[in-house]
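Here's the structure we're looking at; comments come further down.
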Amino acid sequence: MIRNLWYAVLESSEVKDGIVGVTRLGERLVFWRDRQGAVHCFYDRCAHRGASLAGGRHHGDAIACPFHGLQYDASGRCVKIPANGKNTPVPERFRMRSYPTHEAHGIIWIWWGENPPQDLAPPSFFDDLTHFTHWKTVRDPWDNHYTRVLENQLDVVHLPFVHHNTIGRGNRTLVEGPGLEWKHDIMFYHYTYNKIDDGSKPRTPQEVPVPPPDRDFKLETILPNLWQNYISKKLRVLGIFVPVDETHTILYLRLYQDFVRLPVLRQLVDWLMCRFNLIVAHQDRRVVNTQLPKGDGTGTGELLIQGDYPIMEFRKKRLELKRRNEQP
Ligand code: FES
Ligand SMILES: [Fe+2]
């Protein structure tokens, strides 16, 4: 996991009135909302004796630990130690470690690092996905590092094998390209050019046209953990690859569709399409859960081939971010 980056970690609907404890990025975290509805995140270890604040109580714009009632404000500062009496000042060192949060598009991000910069910019999102007002999400647990799960979405070589009876039908085993284009520092598009093996030598990523002249369809990735399948103007699949720890991920698969608007029919279509997406995802999951070593695959001696170009670019950028963001 790379420090000092925004990670999408929850959906807004998962943090309502309560104090919600989850494991993310290998840490126990707690999320809660103040009276204005703004969401806050603490590393979930009470400064007093280490208990979890999940299941604690709100006190105005502070929350209290369920063990001995210490109260913390949104910045993580302890504002009350009941046992010391209300007129005893609270020492400065009583603090919860907090992470900056950002909430938009029904997603909660945390900036996972220490000492956030004063001018911290909000996380990137897909600017061609902001006009949808409706979506349906399914959550799916996987047993591997989130990059393994995301890299599977960058893997165009597996399609005719893992998905031979669904999205990879047609025996298009020859992988041309894949085409790839960086849109900005942490976002790129990639394009598939798979075809039936006609004996030709596959064109390289540099030889295929980017973008392809004849189609809208593209796959978009924003590091560290967002991906969009741009199927058409009115139909998208968003993948949020939420890191639980080094070997566990929750895949949030979100369907956006705008071609059926009648409420009952829409529900049915959403349900059917989510079912199909899950069937496809489970074809992947069966294999990705077996990948060794469990954890980040970078630098583990994998022998990548030309068709793995999007995975190479993703890994190269992660290494660059790691070097850049984790400098002392
Ligand atoms: S452990 Fe939280 S108040 Fe004592
Ligand atoms: Fe797949």
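Just so you know, all these numbers are worked out from the coordinates, no wet-lab data involved. Small disclaimer: the values here were computed from a predicted structure and weren't measured. So basically every Cβ, Gly included, is an ideal-geometry build from the backbone, and we count neighbours across all protein chains shown.
Details
- Placing +1 on the Cβ of every Lys and Arg and -1 on the Cβ of every Asp and Glu, with no other charges, gives the chain a dipole of roughly 780 debye about its Cα centre.
- Applying the Karplus relation 6.51 cos²θ - 1.76 cosθ + 1.60 with θ = phi - 60° to region 211-225 yields 3J(HN,Hα) values of x, x, x, 10, 8, 7, 3, 7, 10, 10, 10, 10, 6, x, 8 Hz, where x marks Gly and Pro.
- By the Kirkwood approach, averaging reciprocal distances over each pair of separate Cα atoms, the chain gets a hydrodynamic radius of 21.7 Å.
- The chymotrypsin sites (Phe, Trp or Tyr not before Pro) of region 238-300 that DSSP puts in a loop, and whose beta carbon has at most 12 other beta carbons within 10 Å, are F259.
- Taking label points 7 Å from Cα along the Cα-to-Cβ direction, R3 and L304 give a separation of 2.5 nm.
- Of the chymotrypsin sites (Phe, Trp or Tyr not before Pro) found in region 39-108, those that fall in a DSSP loop while having at most 15 other beta-carbon atoms within 10 Å are F67.
- Extension reserve of the R275-K86 stretch, reckoned as 0.36 nm per residue once the Cα distance is removed: 62.6 nm
- GluC sites (Glu not before Pro), loop per DSSP, at most 16 other Cβ atoms within 10 Å - longest free stretch of the chain: 115-206
- Computed on region 1-120, the Cα convex hull volume stands at 112 Å³ per residue.
- Rule-of-thumb Rg ratio for region 110-233 [Cα; 2.2 N^0.38 Å; N residues]: 1.25
- For region 1-46, Kirkwood radius (reciprocal of mean inverse C-alpha pair distance, Å): 11.5 Å
- Taken along its three principal axes, the alpha carbon spread of region 136-325 comes to 49, 41, 32 Å, from the longest extent down to the shortest.
- Once divided by 2.2 N^0.38 Å, the Cα radius of gyration of region 62-172 becomes 1.74.
- Lys/Arg +1, Asp/Glu -1 at C-beta; the chain dipole; positive extreme among L53, L321, H145: L53
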